[in-house]
1. I want to verify a result. In a Gaussian network model of the chain, Cα cutoff 10 Å, which of these has the top mean-square fluctuation: 109, 169, 59?
2. Figure the gain on full extension for residue 288 and residue 79 (residue separation times 0.36 nm, minus the Cα-Cα span) and round it to one decimal in nm.
3. Fully extended, how many nm does the chain gain between residue 133 and residue 265 (0.36 nm per residue separation, minus their Cα-Cα distance)?
4. For residue 145 and residue 199, what is the calculated FRET efficiency with R₀ set at 35 Å and r taken between the beta-carbons, to the nearest 0.05?
5. Given the alpha-carbon gyration tensor of the chain, what are the semi-axes of its equivalent ellipsoid in whole angstrom, ordered largest first, with each equal to the square root of 5 times an eigenvalue?
6. If each residue of separation counts as 0.36 nm, what is the full-extension length gain between residue 125 and residue 96 once their alpha-carbon separation is subtracted?
7. Between 223, 267, 79, find the one with the highest GNM mean-square fluctuation for the chain; connect C-alpha pairs within less than 10 Å.
8. Where the centre of each part is set by its Cα atoms, how far does the stretch 244-292 sit from the stretch 140-181, in angstrom?
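What follows draws every value from the coordinates through simple rules; no lab data is involved. Quantities reported herein were computed from a predicted structural model and do not represent experimental measurements. Virtual Cβ from ideal backbone geometry, glycine too; neighbours counted across all protein chains shown.
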Amino acid sequence: MRKYIILLFFITGIQGTYACDLCGCNSGNYFIGPIPQFNRYFVGLQYSFQRYNTLLNTDNTQFSKDFFQTTNLLLGSKVLNWQLFLFVPFNINYSLSDEGSKLINGLGDITFLADYNLVDIKTLNKDTETVFHQLWIGGGIKMPTGKFRVDSAEIVSTANMQLGTGSYDFLVNAIYSYQIRSWGFNFNSSYKINTSAEHFKFGNLFSINTFVFRNFHIDKVTVSPNVGLLFESVSANRNYSQNVKDTGGYDLFSAVGFELRDKNISVGVNYQIPLKSDLSNGQTIAEARGMCHLSIMF
């Protein structure tokens, strides 16, 4: 797809077994929004937020309301058929529970990604319409640059409010894009493999999403509204090689947004609405989440 390549990973870890600390965890989360088309380099800023509400089935006095925000510095470069990306996050995590409120902020886990352009085909169909096909495959590594310091006796209940996972984690992904005239389609699948820190391991996550968009040209500005579906499934967390009770699950989101580009500047907004989920055996509910970004290509 020549106009836009949408690259989305959603990494959602649902942690904890004790009281209000069972919640949608930001430490295990990883989110990458739209990546702009660029010739050699780009730099950008991205803001995203996620909310989770948790109420224990066995005791409705134990609850947690969690609000996680991330501002990413994005850097990108093209080398031959490769696209290289660096994501430097700053996290703000807030939790209000039956035990009080907690706020932490600081540098998160820095991630490096590399995608290879395996297929890049431009053809004409029988109606002499231009058709684009692109396939990218790649992966990356998330480094433990975010703070992860917990008491080993309380790691299960406190891991969800850390700025990082404390571990080197690995990502693999594939992105297929199709475009004919002003209409485009994206299909994206990814898998995140986590390793252990302090005998604790966040659950691995598999995600798939699909988006349809339409390009409109207003003078030199291209506006591309888009709609899509996003599905993610996360395995149970593990502590000392044992599954942590009431962790893991799945969710399904619908999404709507737009991308706008004028010469070398790209801005965008994306809003995601939960449709169906089963997180922490139904004790955690994911609320609507979203993002916005600004990128400069050169």
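1. 59
2. Result: 71.6 nm gained on full extension.
3. 45.1 nm
4. Working from the Cβ atoms, E equals 0.95.
5. 36, 19, 17
6. Computed gain between residue 125 and residue 96 is 4.8 nm.
7. Of the options given, 79 has the highest mean-square fluctuation.
8. 16
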